[in-house]
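Participant: A single structure is presented below for examination.
The values are calculated or read from the model by the stated rules, or taken from the named source; none is laboratory data. All values reported here derive from a predicted model rather than from experimental measurement. So basically every Cβ, Gly included, is an ideal-geometry build from the backbone, and we count neighbours across all protein chains shown. Accessible surface is based on the protein model in full, side chains and every heavy atom, while ligands, DNA and RNA are left aside. Shrake-Rupley method; radii C 1.70, N 1.55, O 1.52, S 1.80 Å.
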Amino acid sequence: MAELELSAGVIEYEDSGGPGPVLVLLGGLVMDGSVWDPVVEELRGDHRCVVPTLPLGSHRRPMRPDADLTLAGFARLVSELLDRLDLRDVTLVQNDHAAALVLAGEHPPRVAGLVISSCEAFENYPPGLPGKNMRLMAMVPGGIFVAMQALRLRPLRRLPVALGWMSKRPLPDELVDRWLVPAQTQRGVRRDLRKYAASARRGQMLEVCERLRSFDRPALVVWTPEDRVQRPEHGRRLAELLPDARLVEIPDSYTLIMRDQPLAFAEAIRRFVREAHPASTAA
């Protein structure tokens, strides 16, 4: 695990350091970069996989008190990370959260392609029962603390308002334990999570998606028709909205496609990068 000090604070990230095109993989709330492990394992032989843990509740280093943790702030954070690591011709891969959508609408020079998978979009923001519950907890004094402590009870994690609808197959308890520890034990981490969750407004997301109409680089939309948090029709809407996009639907999965169907997801990414940027994948 490496660390990088950015203007918002210290970000931890994993870098496979492998050959080939660069993938930057971004996850969602109360999940660290390990959510991508099964997909990274498949792709690290022919791609360089950079996986930061964004300050969304599973980060171990609280951000600075004045850090901008709005949607726009997360886009700037990712852009700064790309600059500081001098990553070029990057394919951004996003699941659940929308930092990559915001950044794509700003035409970042280092981003060559975009993979969007079962993420918050359009009017579904905060997304589904888990997102709306998190925002509600953020609006109540002490609500984030109570919610995180309640999730020490493993049966509660499987409820639809928690992680029950995020993956079709049960997530390993030890993995979720790891994700929850920072928010359960650190006031600063809960502060960061609360700042983001309380700032979520539907109008923001509608504006973010509208700006994607001008993203003229290749894009892949990976969705699951069984998603119960991120709406299945939003995958089709995003594929129609983006000028150079195609849709791949992966069945037998919920939102966390990288966990439910890692082989299919990894192959979709590999094929997209190969077809969109053949020069970068040439032997």
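Participant: Just to verify a result, which residue in the stretch 226-237, among those that are more than 19 Å from Pro170 (Cβ to Cβ) and out of contact with any Leu (no Cβ under 7 Å at 6 or more places or on another chain), is surrounded by the most Cβ atoms within 10 Å (Cβ to Cβ)? Give the derivation first.
Facilitator: The initial filter retains those residues of the stretch 226-237 that are more than 19 Å from Pro170 (Cβ to Cβ), namely 230-237.
Next, only the ones that are out of contact with any Leu (no Cβ under 7 Å at 6 or more places or on another chain) stay: 230-234, 237.
Numbers: Gln230: 25, Arg231: 19, Pro232: 14, Glu233: 12, His234: 23, Arg237: 15.
If we take residues in the stretch 226-237 being more than 19 Å from Pro170 (Cβ to Cβ) and out of contact with any Leu (no Cβ under 7 Å at 6 or more places or on another chain), then Gln230 is surrounded by the most Cβ atoms within 10 Å (Cβ to Cβ).
Participant: Mind checking which residues of the stretch 73-97 are touching a helix residue (DSSP H, G or I) at 6+ places or on another chain (Cβ under 6 Å) and within 17 Å of Leu29 (Cα to Cα)?
Facilitator: Phe74, Ala75, Val78, Gln94
Participant: Taking helices (runs of 4 or more DSSP H) that do not extend beyond the stretch 102-162, which have at least 3 residues that are closer than 29 Å to Val221 by Cβ and within 21 Å of the chain's Cα centre (by Cα)?
Facilitator: Answer list for the stretch 102-162: 128-139.
Participant: I'd like the full set of residues that are touching a residue at least 40 places away in the same chain (Cβ under 8 Å) and not in a loop (DSSP other than H, G, I, E, B), limited to the stretch 77-87.
Facilitator: Leu77, Val78, Glu80, Leu81, Leu82, Arg84
Participant: How many residues are of a type outside the set (Ser, Thr, Tyr), open to solvent by less than 40 Å² (accessible area, probe 1.4 Å) and part of a loop (DSSP other than H, G, I, E, B) when one looks only at the stretch 30-67?
Facilitator: In the first step, residues of the stretch 30-67 are kept if they are of a type outside the set (Ser, Thr, Tyr); the result is 30-33, 35-52, 54-57, 59-67.
From what is left, the residues that are open to solvent by less than 40 Å² (accessible area, probe 1.4 Å) are 30-33, 35-36, 38-40, 43, 47, 49-52, 54-57, 59, 63, 67.
From what's left, part of a loop (DSSP other than H, G, I, E, B): 30-32, 47, 54-57, 59, 63, 67.
Looking only at that region, the number is 11.
Participant: All but one of (1) modelled with pLDDT under 95; (2) among the hydrophobic types (A, V, I, L, M, F, W, C); (3) open to solvent by 60 Å² or more (accessible area, probe 1.4 Å) hold for Phe145, so report the exception by its number.
Facilitator: Going through (1) modelled with pLDDT under 95; (2) among the hydrophobic types (A, V, I, L, M, F, W, C); (3) open to solvent by 60 Å² or more (accessible area, probe 1.4 Å) one by one, Phe145 breaks only (1).
Participant: Mind telling me which of the residues Gly113, Gly105 ends up being more than 16 Å from Ile257 (Cα to Cα) and in contact with a Pro (Cβ under 6 Å, 6 or more places away or on another chain)? It would help to see each step written out before you state the result.
Facilitator: Numbers: Gly105 fails: in contact with a Pro (Cβ under 6 Å, 6 or more places away or on another chain).
When all the criteria are applied, what remains is Gly113.
Participant: Something else about it: Which condition number in (1) open to solvent by 10 Å² or more (accessible area, probe 1.4 Å); (2) over 24 Å from Val140 (Cα atoms) is the one that Leu212 fails?
Facilitator: (1) is the only condition that Leu212 fails.
Participant: Among the candidates Leu129, Leu81, which residue alone is among the aliphatic types (A, V, I, L, M), in contact with a Pro (Cβ under 7 Å, 6 or more places away or on another chain) and surrounded by fewer than 18 Cβ atoms within 10 Å (Cβ to Cβ)?
Facilitator: Leu129
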